[in-house]
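Below is one structure, written out as structure tokens; the observations come after it.
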Amino acid sequence: MGTPFYVSPEQMYQDRAEYARKGIAKGRPIVAIDNAEGIVIMAENRSAGLRKIAEIYDCIAFSAVGKFDEYENLRKHGVRAADLRGFSFSREDVVAANLANDYSTLLGTIFTREMKPYEVEILVCEVNPERNSYFQILYDGTITDRRHYASVGGDSDEIHKVLQERWKEGMSLAEAVQLARDALTRSNNGSGTLDEECLEVAVLDSRRDGRKFRRLVRDEVRGLLGA
Amino acid sequence: MNLPGNYRGSSFIEFLKADHPDLVPDFGSHDWSSVQMMHGTTVLALVYQDGAIMAGDRLATEGHAVGTRDIEKVFRIDDSCCMGIAGAAGPAVEMVRMFGLELEHFQKLEGHTLTYEGKANRLSFLIRQNLPAAMQGLVVMPLFAGFDADKGRARIYKFDVTGGRFAETDYYSTGSGGKDARSSLKKSFRPTGMTLGVAIEAAIEALIDAADEDTATGGFDLARGIYPTCKLMTKSGVEDVPPEELLRARETVLARREI
């Protein structure tokens, strides 16, 4: 039996992080923005069947970039965890912070213990009358709490420049949808233009009772972009 | 890496059984025959020209006593269907919760809703699950109705205690006053051209008949302002019939009978 090679933790971390980042960089970004009606989440997605944005619970939405099978498994885990929590306690006891922590722990464990890290970046959004939440979770379990807007994937510096410049308190849904489109376009500048016919858009509509997640159909998106 | 849990399918009940068996409601391991508990009484459903109506009285009995005067026995399950419950109220309400969650869980995991047939089968499965409890005295008699968007019409399913799902009917009623309500519906039901107003009158008349003949079925409690629950299922969703409309239907029925 040979002696195993020694790899320093720093080296291991760097290698894995680089591997994960490379995988994630292939995906197109997602942005989520506060508006007068709640939260709007937008991604460019050429597939109508494979979704990047999805409902987790009454006030909570999930979106992710990276490797589909990996984030799809995480999404399903989130739905099971949320439904289980709502079933054993109450629907009001299902909160995004708890779910985000869960994802952070899972991704952190996978990053250090497994052969290969997950190549995903997750955004958990929660609509709340007092304060909407955005939790961004990276491939290594790093978790960041954002206010008013957030993004995952793509050129995050460019996206944030656009959002920072133009986001306003109480902006309408149409304004938020247009801002999201412009942020995605800016991120795409290096790699071609944004195809407005391939936008996946969903909202967490705070005016709805119970389950607040709703997908916008193509005509609605067209209308909001043209408004 | 495998994420936590062993179950990978889309059913919430199967998920509970596989990964959290301690949380699966278990009413079957006790003999309940000597225990006094809440019982729901009469629920009914009928099809009319634009959809279906489900209605129920508000009384729950506990033995020979009044358990609750304002219990809800008709529940909206999702955007297109409702479930009515009669029988042991505890397990019935649990079944409603489980059924709603089962449909929601499937929809979130799969990205689309179950077909109407699929929903009815899941309910049938839940009733069968309750069989051990039913044998111990906890009988639940649900009624299932909704608007089947694929078929473009409203459909009603009745079940028996074994979870047997029987031929769809245009009207049905279950519970202690179920037989009286059914006899009433049999006279008032029309297979074609039943408008919403006429259908609400038929439902209310059937509940009045059930309350007349069955001590466990409640009527309109005008003093307390407690009226039957009545929900509509049409292609635009599920909605409550407002109390004014229920009172109007009651007036019409009583005037017709010259009471």
Exercise. With (1) out of contact with any Asp or Glu (no Cβ under 6 Å at 6 or more places or on another chain); (2) farther than 23 Å from B:GLY152 by Cβ as the list, and B:SER236 as the residue in question, which single condition is left unmet?
Worked result: (2)
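Please enumerate the residues belonging to the stretch A:111-136 that are aliphatic (A, V, I, L, M) and crowded, with 22+ Cβ neighbours inside 10 Å. Don't jump to the end; show me each part of the working.
Taking the stretch A:111-136 and keeping what is aliphatic (A, V, I, L, M), we get A:115, A:120, A:122-124, A:127.
Once the filter is applied, which keeps residues that are aliphatic (A, V, I, L, M) and crowded, with 22+ Cβ neighbours inside 10 Å, the stretch A:111-136 yields A:VAL120, A:ILE122, A:LEU123, A:VAL124, A:VAL127.
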Problem set entry | Residue among A:SER88, A:SER133 that is polar (S, T, N, Q) and over 17 Å from the mean Cα position of the chain (by Cα) | A:SER88
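Please tell me if A:SER206 is within 17 Å of A:ALA32 (Cβ to Cβ), of a type outside the set (A, V, I, L, M, F, W, C) and at pLDDT below 95. Quick ask: steps written out before the conclusion?
On the way: within 17 Å of A:ALA32 (Cβ to Cβ): yes; of a type outside the set (A, V, I, L, M, F, W, C): yes; at pLDDT below 95: no.
Taking the combined requirement at face value, the residue does not satisfy it.
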Exercise. Regarding A:LYS67, is this residue open to solvent by 40 Å² or more (accessible area, probe 1.4 Å) and at the interface with chain B (Cβ under 7 Å from one of its Cβ atoms)?
Worked result: no
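If you check A:VAL127 against the conditions, is it more than 10 Å from chain B (Cβ to nearest Cβ), within 18 Å of A:ILE24 (Cβ to Cβ) and β-branched (Val, Ile, Thr)?
Details: more than 10 Å from chain B (Cβ to nearest Cβ): yes; within 18 Å of A:ILE24 (Cβ to Cβ): no; β-branched (Val, Ile, Thr): yes.
When the stated conditions are applied, A:VAL127 does not pass them.
Could you tell me whether the stretch A:159-167 includes any residue that is open to solvent by less than 20 Å² (accessible area, probe 1.4 Å), farther than 15 Å from A:PRO29 by Cβ and not in a helix (DSSP H, G or I)? Before the answer, list the steps.
Pass one, the stretch A:159-167, residues open to solvent by less than 20 Å² (accessible area, probe 1.4 Å): A:159, A:162-163.
Now drop any that are not farther than 15 Å from A:PRO29 by Cβ, which leaves none.
No: zero hits.
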Seminar exercise, completed: Checked the stretch B:181-212 for anything touching a residue at least 40 places away in the same chain (Cβ under 8 Å), over 19 Å from B:THR234 (Cβ atoms) and of a type in the set (D, E, K, R); matches are B:ARG182, B:GLU205
Seminar exercise, completed: Pairing a residue in the stretch A:58-75 that is over 20 Å from A:ILE33 (Cα atoms) with any residue that is part of a helix (DSSP H, G or I), where Cβ atoms lie under 7 Å and the two sit 6 or more apart in sequence or on different chains, gives A:GLY66/A:GLY23; A:GLY66/A:ILE24; A:LYS67/A:GLY23; A:LEU74/A:TYR103
For this session: Say whether the condition of being within 23 Å of B:GLU110 (Cα to Cα) and more than 19 Å from the chain's Cα centre (by Cα) is met by at least one residue in the stretch B:23-30.
Result: yes
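Residues checked against (1) in a strand (DSSP E or B); (2) open to solvent by less than 40 Å² (accessible area, probe 1.4 Å):
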{"site": "B:GLY84", "(1), (2)": "yes, yes"}
{"site": "B:ARG97", "(1), (2)": "no, no"}
{"site": "B:GLY100", "(1), (2)": "no, yes"}
{"site": "B:GLN107", "(1), (2)": "no, no"}
{"site": "B:LEU126", "(1), (2)": "no, yes"}
{"site": "B:ILE156", "(1), (2)": "yes, yes"}
Exercise. How about the stretch B:177-201: which of its residues are among the hydroxyl-bearing types (Ser, Thr, Tyr), open to solvent by 30 Å² or more (accessible area, probe 1.4 Å) and closer than 18 Å to B:THR252 by Cα?
Worked result: B:THR195
Exercise. For A:THR185, are the conditions met, namely being farther than 24 Å from A:GLU55 by Cβ, open to solvent by 30 Å² or more (accessible area, probe 1.4 Å) and under 18 Å from the mean Cα position of the chain (by Cα)?
Worked result: yes
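Return yes when A:ILE41 is crowded, with 18+ Cβ neighbours inside 10 Å and either in contact with a Gly (Cβ under 6 Å, 6 or more places away or on another chain) or of a type in the set (Ser, Thr, Tyr) (or both) and no when it is not. Don't jump to the end; show me each part of the working.
Numbers: crowded, with 18+ Cβ neighbours inside 10 Å: yes; either in contact with a Gly (Cβ under 6 Å, 6 or more places away or on another chain) or of a type in the set (Ser, Thr, Tyr) (or both): no.
Judged against the criteria, A:ILE41 is not a match.
From the list B:VAL66, B:VAL43, pick out the single residue that is of a type outside the set (Asp, Glu), in contact with a strand residue (DSSP E or B) (Cβ under 9 Å, 6 or more places away or on another chain) and under 27 Å from B:GLU239 (Cβ atoms).
Numbers: B:VAL66 fails: under 27 Å from B:GLU239 (Cβ atoms).
Residue meeting the stated conditions: B:VAL43.
So which residues in the stretch B:79-95 are under 21 Å from B:VAL140 (Cβ atoms) and at pLDDT below 95?
Narrowing the stretch B:79-95 to residues under 21 Å from B:VAL140 (Cβ atoms): B:81-95.
Residues satisfying the conditions are B:ILE85, B:ALA86, B:GLY87, B:ALA88, B:ALA89, B:GLY90, B:PRO91, B:ALA92, B:VAL93, B:GLU94, B:MET95.
If only one of A:ALA97, A:ALA82 is within 11 Å of chain B (Cβ to nearest Cβ) and either farther than 16 Å from A:ARG51 by Cβ or in contact with a helix residue (DSSP H, G or I) (Cβ under 6 Å, 6 or more places away or on another chain) (or both), which one is it? It would help to see each step written out before you state the result.
Working: A:ALA97 fails: within 11 Å of chain B (Cβ to nearest Cβ).
Of A:ALA97, A:ALA82, the one residue that is within 11 Å of chain B (Cβ to nearest Cβ) and either farther than 16 Å from A:ARG51 by Cβ or in contact with a helix residue (DSSP H, G or I) (Cβ under 6 Å, 6 or more places away or on another chain) (or both) is A:ALA82.
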Exercise. In the stretch B:49-77, what residues are among the small types (Gly, Ala, Ser), farther than 14 Å from B:PRO91 by Cβ, surrounded by 15 or more Cβ atoms within 10 Å (Cβ to Cβ) and at pLDDT below 95?
Worked result: B:GLY67
For this session: Would you list the strands (runs of 3 or more DSSP E) that sit entirely within the stretch B:158-249 and hold 1 or more residues that are among the aromatic types (Phe, Trp, Tyr)?
Result: B:165-169, B:171-174
Exercise. Assuming B:ALA88 fulfils every condition listed in (1) within 14 Å of another protein chain (Cβ to nearest Cβ); (2) open to solvent by less than 10 Å² (accessible area, probe 1.4 Å) apart from one, which condition is it?
Worked result: (1)
Exercise. Taking interchain pairs and intrachain pairs at least six residues apart, which have beta carbon atoms under 8 angstrom, with the first residue in the stretch B:219-236 and among the basic types (Lys, Arg) and the second crowded, with 17+ Cβ neighbours inside 10 Å and part of a loop (DSSP other than H, G, I, E, B)?
Worked result: B:LYS231/B:VAL241; B:LYS235/B:ASP50
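Kindly indicate whether any position in the stretch B:34-48 is at pLDDT 90 or above and either open to solvent by 20 Å² or more (accessible area, probe 1.4 Å) or small (Gly, Ala, Ser) (or both).
From the stretch B:34-48, those at pLDDT 90 or above are B:42-48; that's our starting set.
Pick out the ones that are also either open to solvent by 20 Å² or more (accessible area, probe 1.4 Å) or small (Gly, Ala, Ser) (or both) and you get B:45, B:47.
Checking the stretch B:34-48: at least one residue is at pLDDT 90 or above and either open to solvent by 20 Å² or more (accessible area, probe 1.4 Å) or small (Gly, Ala, Ser) (or both).
Among residues belonging to the stretch B:15-52 that are within 11 Å of chain A (Cβ to nearest Cβ) and part of a helix (DSSP H, G or I), point out the one that is nearest to B:GLY63 (Cα to Cα).
In the first step, residues of the stretch B:15-52 are kept if they are within 11 Å of chain A (Cβ to nearest Cβ); the result is B:15-16, B:18-20, B:22-25.
The next check asks that each one be part of a helix (DSSP H, G or I); those that pass are B:15-16, B:18-19, B:22-23.
Working: B:PHE15: 36, B:LEU16: 33, B:ALA18: 37, B:ASP19: 37, B:ASP22: 30, B:LEU23: 29 Å.
Going through the qualifying residues, I end up with B:LEU23.
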For this session: Scan the stretch A:102-114 and report the pairs whose first residue is within 8 Å of chain B (Cβ to nearest Cβ) and whose second residue is surrounded by fewer than 20 Cβ atoms within 10 Å (Cβ to Cβ) and outside any helix (DSSP H, G or I), with Cβ atoms within less than 7 Å and a gap of 6+ or a chain change.
Result: A:LEU106/B:LEU3; A:ILE110/B:MET1; A:GLU114/B:MET1
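The values are calculated or read from the model by the stated rules, or taken from the named source; none is laboratory data. Computed from a predicted model, the values in this text were never measured in an experiment. Every residue, glycine as well, gets a Cβ built from its backbone with ideal geometry; the counts of neighbours run over all protein chains shown. SASA here: full protein model, heavy atoms, side chains in, ligands and nucleic acids out. Shrake-Rupley method; radii C 1.70, N 1.55, O 1.52, S 1.80 Å.
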